[in-house]
1. What's the Kirkwood radius of the chain in Å, using all Cα pairs?
2. What does the helix-only formula give at 222 nm for the chain: each DSSP H stretch with n ≥ 4 adding -39500 (n - 2.57), the total divided by the residues, and the result rounded to the nearest 500 deg cm²/dmol?
3. Report the label-to-label distance for residue 62 and residue 146 in nanometres (one decimal), using points 7 Å from each Cα along the Cα→Cβ vector.
4. May I ask you to derive the relative contact order of region 18-128, considering only C-alpha pairs under 8 Å and at least 6 residues apart, and to give it as an integer percent?
5. How high is the relative contact order of region 41-83, in percent, with contacts defined as C-alpha pairs under 8 Å that are six or more residues apart?
């Protein structure tokens, strides 16, 4: 898709990003092994950091049932203020205002495609993307007046 000029969205935190406790909201988890950076480097496309504020309030995770999650082959079983107490109705997301901010593109076209095989370079770029998004999240959270408006 990248070679065809398509826009591709990735969530480098993976399921750990949506399964973290409410107390850890907006604290980015590790970005895996940098597969998205390797793909960008191999195709020479820029990485455009995207920060989203508001999404982590729609299902405030206050608990988890790891043993049941393992039994069902799921990454986690969420416990929120309304689920499982209200059954399926508890899965309706809470209202929140979302703020999306696109950061400056991080260019990868200056690297040879073989540079994607250098784990330290991939790690450094992955960390740069993560830190860029984290700092943007902190700034957006400071500017936000309320979760709902």
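Every number in this text was worked out from the coordinates using simple rules, so none of it is lab data. Since the structure is predicted, the reported quantities are computational estimates derived from the model, not experimental observations. Ideal geometry is used to build each Cβ from the backbone, glycine not excepted, and the neighbour counts take in all protein chains shown.
1. 17.2 Å
2. Values: 4 runs with 45 residues, N = 149.
After summing the helix terms and dividing by the residues of the chain, the value is -9000 deg cm²/dmol.
3. 2.1 nm
4. 40 percent
5. Working: 29 pairs, mean separation 14.3, N = 43.
Result for region 41-83 is 33 percent.
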